[in-house]
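As structure tokens, the structure follows; a few thoughts come after it.
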Ligand SMILES: Nc1ncnc2c1ncn2[C@@H]1O[C@H](COP(=O)(O)OP(=O)(O)O)[C@@H](O)[C@H]1O
Ligand SMILES: [Mg+2]
């Protein structure tokens, strides 16, 4: 991890927050009530994190060094630094507008416009840094600058930016997610502190796929995929729509025929094993598009996930799922179809967990979800990972997936084109341009 990766991660979180505020603004415009605690949480996060920590850190180190090394830097940095200075006043004005609107002294439409002005400015600022500042830093800074920059940004004891401070920002962020209106937030459980990573590089190989091919009629959707997952690892398989991600997972779980290649699981060749036998071995999939059984209750959906399991453990396992996702417990007797999109995704993951997976396959868990829900779903995955679960995570949302993955594979039209650690892929220019939209 280097300073710029850290900055980019911050940008990505902020971008999601801005998008969420935009959505809430549209709802307010359409007549939804103004949830002041939600806005207070958002503003607290921006004030403490962005205005008091992220921006000063950039000014003091990144921008200062860039001004020394590049004559063209000033033109870009002058504007950005004015924006840094003006940030707190703009935020204070926005807080006042939210308070006024909550008391009926400002029309919802006007507040929505003010909110959007603010997020538009925030997004433009992030885009400028991603498009101009970070590339300039990569080309202009010297070896000694990097040492200084990384030391400053990665200093765990820094009261403003260190591990402890960042943990607090993370909690603030979870608070935003938990206070967000139903349509963009959900009652997921905060993950708390993460355990240190075990040394996964040395762990045994759980899954080894070699030269996997699969066809639809005469069209070859997978053209010889090789991939490996070690015990306790989270591996991301990212790629655009139509790349073959779902086909890969379906071939792995045995519901889609494999025309060439081999699959070894815990050392055993399972290439010819039926899909239910693979599930008994612990390969459990949460399918794409959160396919839950709408008319069935939440409890019954979870029971279905446990059909390969001994009966006497089912109720106990279900309680564990309910602890993880309290919202599912609250609604346990209701038809799954009544759940929101994010809640259905939680149910789909919960159902896969009921099969006591030794390899959990997740097919685009963030698809179609509002930004803050995406954050909550990834928090759940992070929590499973911290408990030592082996996870193969398939995603179009490459940034979020690679950010939590130990390693990743990039899939393009049925072929793996790149592989590396999650951080290597996030920093890779090709990946950034193609998938991260930055
Ligand atoms: N049932 C199907 N019949 C024919 N072609 C399919 C079918 N499902 C997927 N494909 C094709 O296979 C390719 C990979 O699809 P898919 O695995 O769904 O990609 P991803 O999950 O990465 O979006 C695409 O070109 C898609 O059009
Ligand atoms: Mg798919």
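Just give me the residues in segment 318-330 being surrounded by fewer than 17 Cβ atoms within 10 Å (Cβ to Cβ) and either touching a helix residue (DSSP H, G or I) at 6+ places or on another chain (Cβ under 6 Å) or farther than 20 Å from residue 181 by Cα (or both), in sequence order. Step through it out loud before you land on a result.
Keep residues of segment 318-330 that are surrounded by fewer than 17 Cβ atoms within 10 Å (Cβ to Cβ), which gives 319-320, 323, 326, 329-330.
Within segment 318-330, 319, 320, 323, 329 meet the criteria.
Failed condition for residue 336, given (1) within 16 Å of ligand 2 (Cβ to nearest atom); (2) on the phi < 0 side of the Ramachandran plot, with all others met? It fails just one condition, (1). None of 415, 390 is surrounded by fewer than 18 Cβ atoms within 10 Å (Cβ to Cβ) and within 24 Å of residue 205 (Cβ to Cβ) except 415.
So, residue 121, is that one over 27 Å from residue 167 (Cα atoms) and part of a helix (DSSP H, G or I) or not? It would help to see each step written out before you state the result.
On the way: over 27 Å from residue 167 (Cα atoms): no; part of a helix (DSSP H, G or I): yes.
Against the criterion (over 27 Å from residue 167 (Cα atoms) and part of a helix (DSSP H, G or I)), residue 121 does not qualify.
Looking only at segment 262-279, residues that are assigned to a strand (DSSP E or B) and more than 31 Å from the chain's Cα centre (by Cα) come to 2 in all.
Got a sec? Which of 237, 249, 296 is more than 13 Å from ligand 2 (Cβ to nearest atom) and either within 25 Å of residue 377 (Cα to Cα) or at pLDDT 95 or above (or both)?
So the residue among 237, 249, 296 that is more than 13 Å from ligand 2 (Cβ to nearest atom) and either within 25 Å of residue 377 (Cα to Cα) or at pLDDT 95 or above (or both) is 296.
Among the criteria (1) more than 20 Å from residue 389 (Cα to Cα); (2) away from ligand 1 (no atom under 13 Å from the Cβ); (3) part of a strand (DSSP E or B), the one residue 221 does not fulfil is (2). Comparison of 76, 24 shows that the only residue that is within 17 Å of residue 119 (Cβ to Cβ) and part of a helix (DSSP H, G or I) is 24. Of the numbered criteria (1) within 21 Å of residue 262 (Cα to Cα); (2) in contact (Cβ under 8 Å) with a residue 12 or more places away in the chain; (3) within 16 Å of ligand 1 (Cβ to nearest atom); (4) surrounded by fewer than 15 Cβ atoms within 10 Å (Cβ to Cβ), the one residue 204 fails is (3).
Can residue 347 be described as closer than 24 Å to residue 205 by Cα, buried (at least 17 other Cβ atoms within 10 Å of the Cβ) and without any contact (Cβ under 8 Å) to a residue 60 or more places away in the chain?
On the way: closer than 24 Å to residue 205 by Cα: no; buried (at least 17 other Cβ atoms within 10 Å of the Cβ): yes; without any contact (Cβ under 8 Å) to a residue 60 or more places away in the chain: yes.
So residue 347 does not fit the description; no.
A Cβ distance below 7 Å, combined with a sequence gap of six or more or placement on separate chains, defines the contacts here; from segment 211-232, residues that are not assigned by TED's automatic domain parsing to the domain that holds residue 359 reach no residue that is more than 16 Å from ligand 1 (Cβ to nearest atom).
For segment 62-77, does any single residue satisfy the condition of being assigned by TED's automatic domain parsing to the domain that holds residue 10, within 30 Å of residue 175 (Cα to Cα) and in contact (Cβ under 8 Å) with a residue 40 or more places away in the chain? Before you say what the answer is, go through the steps one by one.
Going residue by residue through segment 62-77, those that are assigned by TED's automatic domain parsing to the domain that holds residue 10 are 62-77.
Remaining after also requiring within 30 Å of residue 175 (Cα to Cα): 62.
With in contact (Cβ under 8 Å) with a residue 40 or more places away in the chain added as a condition, the list becomes 62.
Within segment 62-77 (the criterion being assigned by TED's automatic domain parsing to the domain that holds residue 10, within 30 Å of residue 175 (Cα to Cα) and in contact (Cβ under 8 Å) with a residue 40 or more places away in the chain), the answer is yes, since at least one residue qualifies.
Being more than 16 Å from ligand 2 (Cβ to nearest atom) and in contact (Cβ under 8 Å) with a residue 24 or more places away in the chain: is that true of residue 359 here? Break it down stepwise before answering.
Details: more than 16 Å from ligand 2 (Cβ to nearest atom): yes; in contact (Cβ under 8 Å) with a residue 24 or more places away in the chain: yes.
Against the criterion (more than 16 Å from ligand 2 (Cβ to nearest atom) and in contact (Cβ under 8 Å) with a residue 24 or more places away in the chain), residue 359 qualifies.
The set of residues in segment 226-240 being under 21 Å from the mean Cα position of the chain (by Cα) and more than 11 Å from residue 391 (Cα to Cα) consists of 238, 239, 240. Among the residues of segment 101-118, the ones that are surrounded by 15 or more Cβ atoms within 10 Å (Cβ to Cβ) and part of a helix (DSSP H, G or I) come to 9 in all.
Can you name the residue in segment 264-293 that is within 16 Å of ligand 2 (Cβ to nearest atom) and surrounded by fewer than 19 Cβ atoms within 10 Å (Cβ to Cβ) and is also nearest to residue 246 (Cα to Cα) among such residues? Walk me through it before giving the result.
Of segment 264-293, the ones within 16 Å of ligand 2 (Cβ to nearest atom) are 285-291.
This time we only want the ones that are surrounded by fewer than 19 Cβ atoms within 10 Å (Cβ to Cβ), so: 288-289, 291.
Values: 288: 7, 289: 11, 291: 13 Å.
By that ranking, first place goes to 288.
The values are calculated or read from the model by the stated rules, or taken from the named source; none is laboratory data. As the structure is a computational prediction, the values presented were derived from the model and not from experiment. Note that we place each Cβ from the backbone using ideal geometry, even for glycine, and neighbour counts take in every protein chain shown.
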